[in-house]
1. In the range B:173-195, how many are under 20 Å from residue B:212 (Cβ atoms), aliphatic (A, V, I, L, M) and crowded, with 21+ Cβ neighbours inside 10 Å?
2. In the set B:127, B:152, which member is among the small types (Gly, Ala, Ser) and either touching a helix residue (DSSP H, G or I) at 6+ places or on another chain (Cβ under 6 Å) or modelled with pLDDT under 95 (or both)?
3. Checking residue B:216 against (1) within 12 Å of chain A (Cβ to nearest Cβ); (2) open to solvent by less than 30 Å² (accessible area, probe 1.4 Å); (3) of a type in the set (Asp, Glu), which test does it fail?
4. Restricting attention to the range B:219-249, report how many residues are assigned to a loop (DSSP other than H, G, I, E, B) and open to solvent by 30 Å² or more (accessible area, probe 1.4 Å).
5. Taking into account only those residues within the range A:40-56 that are modelled with pLDDT of 85 or more and open to solvent by 50 Å² or more (accessible area, probe 1.4 Å), which is farthest from the other protein chains (Cβ to nearest Cβ)?
6. Name the residues in the range A:111-140 that are open to solvent by 60 Å² or more (accessible area, probe 1.4 Å) and either touching a Pro at 6+ places or on another chain (Cβ under 8 Å) or at pLDDT below 90 (or both), would you?
7. Out of the range B:199-251, which residues are free of Cβ contacts under 8 Å to residues at least 24 places away in the same chain and either of a type in the set (S, T, N, Q) or under 25 Å from residue B:75 (Cβ atoms) (or both)?
8. Considering only residues that are more than 14 Å from residue B:53 (Cβ to Cβ) and touching a helix residue (DSSP H, G or I) at 6+ places or on another chain (Cβ under 9 Å), which ones fall in the range B:188-221?
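The values are calculated or read from the model by the stated rules, or taken from the named source; none is laboratory data. Bear in mind that the values here come from a model prediction, so they are computed numbers and not experimental data. Note that each Cβ is placed from the backbone with ideal geometry, even for glycine, and that neighbours are counted across all protein chains shown. Heavy atoms of the whole protein, side chains included, go into the accessibility calculation; ligands, DNA and RNA do not. Shrake-Rupley method; radii C 1.70, N 1.55, O 1.52, S 1.80 Å.
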Amino acid sequence: MSKSLHPLPILMIALLVWLSCTVSAADEVASSGFGSVAIPRPAKPDNASECVEPVEVMRREHMKFLLHQRDATVLEGERDSKYSLTGCMDCHNPARNDGQVVRYPDPRHFCADCHRYASVKIDCFECHADRGLSRSQQSRLIPELNTGLVSSQTFHRQLERSGED
Amino acid sequence: MKTELERVEPRPARRRFLQGAAALASTLIAPGVLLYISSHATETATKSPRWGLLIDTNAMSEADVDACVQACKREHGWQSRAGSKTDAQWIRKVGLSDPQSGHRRFLPMMCQHCENPPCVDVCPTGASFKRADGIVLVNRHICIGCRYCMMACPYKARSFIHEPLQDQLPVAPRGKGTVESCTLCVHRIDRDGADAVPACAEAVNQGGRSAIVFGDLNDSDSEIVKRLRKHGGTKLRADMGLNPALRYQGL
């Protein structure tokens with residue numbers, strides 16, 4: 001019996017190389033029979049280092065947190081929970097540095113980015129504010145706060161004060 | 001401050017009847033004649049607050065009422081075009097005049113946050129509801145926009161959103177196809193409790209005045225109860241027995 005290389009290890013190495021290639025490609029683009037789509041990479045907030053839960057949990061469970069929270073807020077007045085939609089929009093504020101308003105129908109919106117990719121249709125933002133308040137709104141009303149984003153609560157107090165003038 | 005809230009009993013009338021029956025102490029004073037002594041009055045003071053407003057119309061000019069309306073618009077981000085019958089109307093100015101003397105008076109009119117709200121009775125989905133602390137709200141997550149509540153409300157306090165909106169404020173979600181009304185600035189109440197000041201009160205209580213007083217009607221030491229005890233207050237359409245949480249002075 002000749003001492004030729006057994007084909008199985010070679011096949012396994014080839015498979016591993018092929019797999020690693022496809023995985024690294026999937027980081028950027030998801031392919032299907034209908035073409036390829038860029039995988040969303042929603043921008044991280046610049047004013048917080050971590051979310052209220054680990055990213056893996058938030059990806060799968062954020063809708064459950066929000067659904068529970070909406071009833072607790074409307075029926076029982078619980079507004080200081082870490083799972084508030086307002087809290088989401090305060091951190092993941094889609095207002096851009098150039099003052100441009102990014103509303104939910106815009107694919108650059110933090111929520112819209114993934115929802116478009118996953119073909120999810122929500123109607124949260126037909127009623128709810130789809131962003132913390134934009135830089136342009138802030139700079140119009142409160143010039144001294146133009147340098148950074150503020151939470152909606154802070155903004156609101158500023159808005160009240162500016163209205164009194 | 002966080003308020004401790006309890007679930008609202010869905011059928012208050014029945015519950016009150018049962019409580020009343022339990023609270024009655026009966027004494028047989030003659031064959032067939034019973035003397036009933038009700039202890040109901042001592043039970044009305046509960047731990048749960050009941051938020052209300054006292055509006056002193058003697059202290060309010062027409063401009064003050066306009067300021068209330070403007071403050072509400074700014075707080076919640078609603079607009080109303082002049083003459084439109086379908087625009088949002090969380091609060092409006094009502095003028096009263098006496099044709100004989102020519103005396104005129106203005107008052108802000110909004111949701112009266114009734115103890116027995118007809119809008120809650122008629123709502124087919126349970127969207128119109130009363131919180132445990134007495135604030136009457138619309139749960140827009142389950143409102144189907146049928147507008148029964150608008151017809152049931154004797155104060156015409158509610159309005160319907162006919163057109164799609166954008167750029168709502170974070171504290172006041174509002175959207176097409178749902179009914180809305182005064183929330184008593186519930187976002188401020190949830191944040192500040194008894195120290196909260198609704199936007200309309202904040203607008204008129206400038207310079208040490210207190211034309212609109214916010215407070216807990218169940219707390220005998222609160223400012224609102226003290227002022228009511230001293231000067232009284234009118235419930236609008238008290239004949240209907242809705243027991244509104246808004247009281248007016250000077251009408």
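1. Of the residues in that region, 3 qualify.
2. B:152
3. (1)
4. 8
5. Ranking the qualifying residues of the range A:40-56, first place goes to A:56.
6. Within the range A:111-140, A:116, A:117, A:126, A:140 qualify.
7. B:205, B:206, B:207, B:208, B:223, B:234 - these are the residues of the range B:199-251 that are free of Cβ contacts under 8 Å to residues at least 24 places away in the same chain and either of a type in the set (S, T, N, Q) or under 25 Å from residue B:75 (Cβ atoms) (or both).
8. B:190, B:191, B:206, B:209, B:218, B:219, B:220, listed by residue number.
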